[in-house]
Amino acid sequence: MHFIVHCLDHPNGVQKRLSHYDAHKAYLASGKTRTIISGPLLGDDNETMIGSLFLFEADTKEEVIAFNKADPFSVNGVWASVNIHPFNKRVDNR
């Protein structure tokens with residue numbers, strides 16, 4: 001099953017994000033929860049990172065919740081809000 005995770009950073013959180021970025025990338029690469037796509041959300045200037053978006057593949061929503069809670073961005077308070085929803089992928093034009 002697929003899950004979308006939409007995270008928004010705390011205001012003015014770019015430096016905090018950057019200080020935990022390497023640990024975050026390593027965590028995603030080592031996890032048993034499969035990351036299909038991921039990347040930073042950008043502000044209206046198309047440059048400033050303001051959050052994260054993930055498409056995960058997992059057996060249960062609880063698995064995604066646990067995986068997200070252990071992410072260095074979550075552990076270190078980068079994200080102000082996190083929303084996790086099941087996702088029915090119908091089109092994939094890759």
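Only one of (1) at pLDDT 95 or above; (2) closer than 28 Å to Met1 by Cβ is not met by Arg17, so which one is it?
(2)
Counting just the residues of region 54-94 that are of a type in the set (A, V, I, L, M), more than 15 Å from His10 (Cα to Cα) and within 13 Å of the chain's Cα centre (by Cα), which one comes out surrounded by the most Cβ atoms within 10 Å (Cβ to Cβ)?
Let us first name the residues in region 54-94 that are of a type in the set (A, V, I, L, M), namely 55, 58, 64-66, 70, 75, 78, 80, 82, 84, 91.
Going one step further and asking which of them are more than 15 Å from His10 (Cα to Cα), we end up with 55, 58, 64-66, 70, 84, 91.
From what is left, the residues that are within 13 Å of the chain's Cα centre (by Cα) are 55, 64-66, 70, 84.
On the way: Leu55: 16, Val64: 23, Ile65: 15, Ala66: 12, Ala70: 12, Ile84: 18.
My answer is Val64.
Does region 12-25 contain any residue that is in contact (Cβ under 8 Å) with a residue 12 or more places away in the chain, surrounded by 15 or more Cβ atoms within 10 Å (Cβ to Cβ) and under 26 Å from Arg94 (Cα atoms)?
yes
Please verify whether Gly39 is within 10 Å of the chain's Cα centre (by Cα) and loosely packed, with under 14 Cβ neighbours inside 10 Å, treating the condition exactly as stated. Step through it out loud before you land on a result.
Details: within 10 Å of the chain's Cα centre (by Cα): yes; loosely packed, with under 14 Cβ neighbours inside 10 Å: yes.
In short, yes.
Is one or more of the residues making up region 22-33 modelled with pLDDT of 95 or more and β-branched (Val, Ile, Thr)?
no
Being under 14 Å from Leu18 (Cβ atoms) and of a type in the set (Asp, Glu) is true for just one of Glu63, Glu47. Which residue is that?
After applying the criteria, what remains is Glu47.
The values are calculated or read from the model by the stated rules, or taken from the named source; none is laboratory data. Treat the numbers as computed from the prediction; the structure is a model and nothing was measured. Note: ideal-geometry Cβ built from the backbone for every residue, glycine included; neighbour counts use all protein chains shown.
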